[in-house]
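First up is the structure itself, then whatever we jot down about it.
Just so it is clear, none of the values below were taken in a lab; they were calculated from the coordinates. Note that the structure is predicted; figures quoted are calculated from it, not measured. Note: ideal-geometry Cβ built from the backbone for every residue, glycine included; neighbour counts use all protein chains shown.
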Amino acid sequence: MQEGSKKAIVAAFLANLAIALGKLVGFLITGAASMLAESVHSFADSGNQGLLFLGGARARKTATPEHPFGFGRERYFWSFVVALVLFTLGGLFALFEGIEKLREPHEIEGAGVAFAILLLAIVMEGYSLRTAVKESKHVKRSESWPQFIRRSKSPELPVVLLEDVGALTGLVFAVVGLGLAEITGNPRFDAVGSIAIGLLLCVIAVILVIEMKGLLIGEGASPAVLTSIHEAMASTDRVRKVIHMRTEHLGPEELLVAAKLSFDSNLDLPALAEAINEVERRVRDAVPAARMIYIEPDIERSPESQATAK
């Protein structure tokens with residue numbers, strides 16, 4: 001796991017844990033549904049950061065005969081679990097609590113305490129989001145934020161970013177719901193705020209599930225990385241052509257590369273072996289994440305001979 005990801009997770013964990021305790025106190029004082037929904041949401045987020053650390057630790061395990069390509073995808077699996085936790089403990093609980101309070105309204109007491117806790121929570125979540133944005137910019141480069149979340153092979157930063165954005169938006173919903181309940185004297189507005197928080201968290205969880213599913217199934221390198229690998233292979237002495245190439249991420253920083261190359265036909269076996277080794281060196285220099293490389297020498301066939309072979 002990269003250092004930037006660790007900083008973002010630690011900042012999110014500390015902020016969410018403190019916020020969760022504060023919201024829980026606020027709920028006990030006020031009885032506000034949105035405060036309880038936000039408290040459970042923050043506790044779930046704190047657990048989620050723990051799961052991300054667990055995934056990073058398990059991904060560093062040494063490869064075994066049963067898992068010869070290592071455990072890099074553990075990070076994807078535990079990020080997938082985070083999305084499920086966010087959906088169930090966060091989204092569904094907030095929806096359930098909001099619907100219950102909508103059916104049986106509960107008068108809100110000590111709203112001033114709740115507002116103070118929510119405003120403090122907004123400040124702390126803002127700090128957590130600022131840290132995640134700062135660390136993400138080191139790897140985002142020129143991509144837009146939606147593109148970064150969609151294409152990133154490192155799951156931790158997109159997960160923390162979406163969690164923090166969801167948390168801040170949820171806090172705004174809680175403030176608005178609680179405020180309308182106080183202004184109008186109708187506690188159902190607080191319940192509506194809880195329902196809005198639940199829907200928001202469910203949407204974010206679904207986005208994360210979709211993205212993590214793609215990484216779990218297996219995704220190839222980005223177009224820019226593919227171009228770098230292709231150029232490194234094609235520029236190697238005694239390589240005539242890159243016939244075809246396949247890549248797959250075994251983990252965020254570990255790429256499997258398999259390629260069929262056409263080499264100089266005059267090479268004997270020792271020279272061919274040295275040429276293959278040179279291809280591997282150049283690819284690793286261009287793309288350090290390409291840790292496992294398999295090269296198959298072949299003869300480029302003309303379209304006519306390929307049609308005949310079929």
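Computed over the alpha carbons of the stretch 223-309, Rg followed by Dmax gives 13.5, 42 Å.
Across the chain, Cα-Cα pairs farther apart than 33 Å form 41% of the total. Any chance you could give the angle, 0 to 90 degrees and rounded to 10, that helix 111-140 forms with the longest Cα principal axis of the chain? The two axes meet at around 10 degrees.
Backbone phi angles across the stretch 185-191, fed through the Karplus curve with coefficients 6.51, -1.76 and 1.60 (θ = phi - 60°), yield HN-Hα couplings of x, 10, x, 5, 4, 5, 5 Hz in residue order; Gly and Pro are listed as x.
Amide H contacts for Ala290 (H built 1.01 Å from N in the peptide plane; partners 5 or more residues away or on another chain; cut-off under 5 Å): Leu255.
By how many degrees, between 0 and 90 and to the nearest 10, does the Cα long axis of helix 33-59 differ from the longest principal axis of the chain? Rounded to the nearest ten degrees, it is 20. In degrees from 0 to 90, rounded to the nearest 10, what is the angle of the helix 93-103 Cα long axis to the longest principal axis of the chain? Tilt of helix 93-103: around 30 degrees.
The relative contact order of the chain, computed from alpha carbon pairs under 8 Å that lie at least 6 residues apart in sequence, is 20 percent.
Per-peptide packing, taken as the mean over residues of other Cβ atoms within 10 Å, places 74-83, 260-269, 124-133 in the sequence 74-83, 124-133, 260-269 from highest down. Summary of the geometry: the stretch 159-228 and the stretch 247-279, compared by the centres of their Cα atoms, lie 44 Å apart. The alpha carbons of the stretch 39-94 occupy a box of 44, 15, 10 Å along the principal axes, longest dimension given first.
Across Ser228, Ser154, Ser136, mean-square fluctuation computed from a Gaussian network of the chain (C-alpha pairs under 10 Å connected) peaks at Ser228.
Most tightly packed first, judged by the mean number of other beta-carbon atoms within 10 Å of their residues, the peptides 111-118, 61-68 read 111-118, 61-68.
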